[in-house]
Amino acid sequence: QVQLVESGGGLVQPGGSLTLGCAAAGSISRINAMGWDRQAPEKQRELVARIARDTPTYYTDSVEGRFTISRDNAKDMWYLQMTSLKPEDTAVYYCYANLKPGGSTYLYDYWGQGTQVTVSS
């Protein structure tokens, strides 16, 4: 069974930085794409960043230039480096992967359990 586990959430002051990590565990044949989503209180979940083979990295407009997604393919891990954080970045952040489990023919979407990021003074 595949699981995604986030780490690195917490409380940070406006203008501060925080790095989130995601580890994919279980039997995995191939990871096609990985990324991060977030959901703020009383708002819909939104896509924050995506990285995939042979495609440009995508960031939602509100984080462009402040957030950076990176990956360590050897470890099936990826990260979201967040800088110049704003109170409106406060949300539960979910890591995401589109991957092929071991022994499977198809690709499936997976999300982690979420980690809270709070930006407040």
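One table, with the values for the structure above:
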quantity	calculated
Within the stretch 96-121, considering residues that are open to solvent by less than 40 Å² (accessible area, probe 1.4 Å) and polar (S, T, N, Q), the one nearest to the chain's Cα centre (by Cα)	Thr115
Candidate set from the stretch 73-95 (those that are open to solvent by 80 Å² or more (accessible area, probe 1.4 Å) and under 15 Å from the mean Cα position of the chain (by Cα)); member that is nearest to Ile51 (Cα to Cα)	Asn73
The stretch 53-63, subset outside any strand (DSSP E or B) and closer than 21 Å to Gly21 by Cβ, residue most open to solvent (accessible area, probe 1.4 Å)	Arg53
Residue among Leu20, Leu4 that alone is over 12 Å from Tyr96 (Cα atoms), touching a strand residue (DSSP E or B) at 6+ places or on another chain (Cβ under 9 Å), open to solvent by less than 60 Å² (accessible area, probe 1.4 Å) and part of a strand (DSSP E or B)	Leu20
Residue check for Leu47: surrounded by 12 or more Cβ atoms within 10 Å (Cβ to Cβ), in contact with a Gly (Cβ under 8 Å, 6 or more places away or on another chain) and modelled with pLDDT of 95 or more	yes
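The values are calculated or read from the model by the stated rules, or taken from the named source; none is laboratory data. Not measured: the values here are computed from a predicted model. Neighbour counts are summed over all protein chains in view; Cβ atoms, including those assigned to glycine, are modelled from backbone coordinates with ideal geometry. To get the accessible areas, we keep the full protein, side chains included, count just its heavy atoms, and leave off ligands, DNA and RNA. Shrake-Rupley method; radii C 1.70, N 1.55, O 1.52, S 1.80 Å.
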